[in-house]
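All remarks here apply to the structure that follows.
The values are calculated or read from the model by the stated rules, or taken from the named source; none is laboratory data. Just so it is clear, the structure is predicted and the values come from calculations on it, not from any experiment. Here the Cβ positions follow ideal geometry from the backbone for every residue, glycine too, while neighbour counts run over all protein chains shown.
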Amino acid sequence: MSSNGPLLDLRGLRTHFRTDRGPVRSVDGVDLSVAPGESVGVVGESGSGKSVTMLSVMRLLPSPPAMHQGQALWKGEDVFGWGARRLRSFRGREVAMIFQDPMTSLNPYLKIGVQLTEAVQLHLGLDHAKARDRAAEMLRRVGIPVPESRLDDYPHQYSGGMRQRVMIAMALSCEPQLLIADEPTTALDVTIQAQILELIDAQRRASGTGLVLITHSLGVVAGMCDRVVVMYAGRVVEEGRTEDLFGDPRMPYTVGLLRSVPRLDVVTERLVPVPGTPPDPQRLPSGCPFRVRCPWAEARCAETRPELRDVAAPGAAPHRIACHVDITKAAPREPASGGAA
Amino acid sequence: MSGGAAPAVVRRKAADTSRVVLSVKDLKKWFPIRKGLFSKVVAHVKAVDGVTFDIHAGETLGFVGESGCGKTTVGRAILRLLDPVTGGSASFQGQDLLAVGGDELRQLRRKMQIIFQDPYSSLNPRMTVESIVGEALTVHGIVRTTKERRERVQELLKKVGLDPVRHIARYPHEFSGGQRQRIGIARAIALEPDLIVCDEAVSALDVSIQAQIINLLQQLQEEMGMSYLFIAHGLNVVEHISHRVAVMYLGRIVEIAPSDRLYDHPSHPYTQALLSAIPETDPDAPMNPEQLQGEVPNPINPPAGCRFHPRCRFAEARCKAKDQPIPVWRIAPGHEMACILGEKIPGAERIGEQPGF
């Protein structure tokens, strides 16, 4: 990690959507930072705000309805203060994003070669022939056989895994400093998922790119990331080094998530699910939004929303949780049996 | 298939291996590819190409494999949702499943139900929970009056963990994904079936909700004793819920074994690769030591010889030879696999063969 500060630093980021039924607080005060070359996993259930956070950073949400507050600092500069010209070089050149569904992120009417050369011509100022060489080189790097001939194919002529490789090639073609991957493998088979993750990891290590990996799969994060951020109801609820967070989860929600995944190496008779359902962002419970599903909840959890606090041993890497309770000391209540989803 | 050493921890209620509920032999389902003015059949996609298996009473048989391997087609074909099948036979509780029609088929369908992957598109948005869950009860004449139906639906809702009073008159859009899947389950168990095909039933759900639904399915099986055909691509989920697991590759079962056995001693190279690709929730676990190269070949024009050979790390020249039968080996009681190189596995006993390509 470099000493000259984080690449990306979110401070109290809020993204609320204006709707007829009142504001939806999708992102509600997120603090998160990514150092150069670091890989950070962002996990949480659907609706926890992980994608909206990153879309906000990229300034990809139309406003209105999206209303931003707080700061998203890119090397110390707030992206919300930028005009269109600055944003153009930020997106694609400095930060690139890979989306879950490669079919909807590629233009079906344009040949792969055209889509790949567009960005390098624009950002790197290469002429057509050089851009084409570079596009072929990028396709080779992501493992597409005979790339020169595949440049003239259309997206539908590629398989799902191949399209995701194209997306990665496109994202990396301008050598960004940060890659944001939003569920890059969720639509793929496990075997292809393993290949794609390996590819992202290898490319990242080779070029020193930072990575934000948004996923709901704890397994993917465990293998790929230096640090993990767990989100719930629009906020970060636990954050720490991957080993610390998986080995010693301290926020009840993280504990619940880890217990609800069937493991191959551990024999379990019954999974221990997190009871209840993710909250409606328009009707968040008072205080800690997880308290209604939390086996450790106390009276004070209904009063104030807990702020992030460091629970790491003195001198150790930060391990922060947003929870009033110290679960290493308190005992959980027995979960109600059945528990309707 | 039982026998073998008892596992250290009994985590699933044992299946009744003396009673076979469903017996499928050499099932084939080919989809024609038509071209030209007269829609001439030019080729076939052999989605299922000779699949044989049994399901016992109270047993969960898992089906895993990559997309396009034919696992969903197996499930749909035995529910007679893809008539006609191309070949093979299937008997359900002794009755010829593929030959019956009319009233007999309707009676059979009472006993075989399906739970779909997508809880959003598999429930009619214009029907209330009461009519979704209760429809089949009326159609099959199990309830006579509206009052009777309501009582029965309320019982079912209670069983799947929904509120029988508050939820019964609501519409699907008023529920979350997990709750909708519970409605789908209530509908599936309404007729007290003997077999439920769970087609990616938990794949679309968030992890915390997934665990709730898996537990519900296990609990219902213990109470009602039905069998599940559990189709999923999430291998850890399949391992957790299934008594036995079948691994499919390009329309064939390449390995089938009791769940613990398969995950501890995978013997087909494809199974080994598939298992090594699962990301584990353990930061210290090694990542993909046996990573599988390449993708599933085009099913219209699959490779000759062993269909897995282009991706197999053990493949030899003889694996590519055309039209040779693929031997089937028994590795342990209930543990069978099909591989040309099977004799290299200690203790493997040749018990048959699959036709070659």
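Would you confirm whether or not segment B:301-311 contains a residue that is of a type in the set (S, T, N, Q) and crowded, with 19+ Cβ neighbours inside 10 Å? No - not one qualifying residue is present in segment B:301-311.
When you look at residue A:264, is it crowded, with 20+ Cβ neighbours inside 10 Å, at pLDDT below 90, assigned to a loop (DSSP other than H, G, I, E, B) and more than 24 Å from the chain's Cα centre (by Cα), yes or no? Answer is no for this residue. Over 19 Å from residue B:298 (Cα atoms), modelled with pLDDT of 90 or more, away from every other protein chain (no Cβ under 14 Å) and over 16 Å from the mean Cα position of the chain (by Cα): is that true of residue B:23 in this structure? Considered against the rule, which asks whether it is over 19 Å from residue B:298 (Cα atoms), modelled with pLDDT of 90 or more, away from every other protein chain (no Cβ under 14 Å) and over 16 Å from the mean Cα position of the chain (by Cα), residue B:23 comes out as no.
Out of all the residues in segment A:67-80, is one or more in contact with a His (Cβ under 7 Å, 6 or more places away or on another chain), assigned to a loop (DSSP other than H, G, I, E, B) and within 25 Å of residue A:283 (Cα to Cα)? No, there is no match, as no residue in segment A:67-80 is in contact with a His (Cβ under 7 Å, 6 or more places away or on another chain), assigned to a loop (DSSP other than H, G, I, E, B) and within 25 Å of residue A:283 (Cα to Cα).
Of all residues in segment A:237-275, which are farther than 18 Å from residue B:203 by Cα and of a type in the set (Gly, Ala, Ser)? Those that are farther than 18 Å from residue B:203 by Cα and of a type in the set (Gly, Ala, Ser): A:240, A:247, A:256. Of all residues in segment B:84-106, which are of a type in the set (D, E, K, R) and more than 27 Å from residue B:16 (Cα to Cα)? B:103, the sole residue that qualifies.
Assess whether residue A:96 counts as being modelled with pLDDT of 85 or more, surrounded by 23 or more Cβ atoms within 10 Å (Cβ to Cβ), in a helix (DSSP H, G or I) and on the phi < 0 side of the Ramachandran plot. Taking the combined requirement at face value, the residue does not satisfy it.
For segment A:192-205, the criterion of a residue being in a loop (DSSP other than H, G, I, E, B) and either within 14 Å of chain B (Cβ to nearest Cβ) or touching a Gly at 6+ places or on another chain (Cβ under 7 Å) (or both) is satisfied by no position.
Of the listed requirements (1) under 27 Å from residue B:357 (Cβ atoms); (2) within 13 Å of the chain's Cα centre (by Cα), residue B:239 misses just one: (1). Residues in segment B:108-147 that are touching a strand residue (DSSP E or B) at 6+ places or on another chain (Cβ under 9 Å) and either touching a residue at least 60 places away in the same chain (Cβ under 8 Å) or of a type outside the set (A, V, I, L, M, F, W, C) (or both) were compared, and the one that is farthest from residue B:175 (Cα to Cα) is B:111.
Yes or no: segment B:190-205 includes at least one residue that is surrounded by fewer than 22 Cβ atoms within 10 Å (Cβ to Cβ), within 12 Å of chain A (Cβ to nearest Cβ) and aliphatic (A, V, I, L, M). Yes, the conditions are met somewhere in segment B:190-205.
The residues listed here are B:269, B:283; of these, the one that is touching a Cys at 6+ places or on another chain (Cβ under 9 Å), more than 25 Å from residue B:52 (Cβ to Cβ) and within 14 Å of chain A (Cβ to nearest Cβ) is B:283.
Set side by side, the residues B:258, B:297 differ, and just one is touching a residue at least 12 places away in the same chain (Cβ under 8 Å), more than 9 Å from every other protein chain (Cβ to nearest Cβ) and more than 28 Å from residue A:198 (Cβ to Cβ), which is B:258. The listed residues are A:242, A:185, and the only one of them that is buried (at least 24 other Cβ atoms within 10 Å of the Cβ), under 28 Å from residue B:263 (Cβ atoms), within 13 Å of chain B (Cβ to nearest Cβ) and hydroxyl-bearing (Ser, Thr, Tyr) turns out to be A:185.
Just one of A:26, A:56, A:63 is outside any loop (DSSP other than H, G, I, E, B), over 10 Å from the mean Cα position of the chain (by Cα) and more than 26 Å from residue A:241 (Cβ to Cβ); which is it? Only one candidate passes the filter, namely A:26. Within segment A:206-245, the residues that satisfy the criterion of being charged (D, E, K, R) and either within 16 Å of residue A:100 (Cα to Cα) or in contact with a Gly (Cβ under 9 Å, 6 or more places away or on another chain) (or both) are A:226, A:227, A:235.
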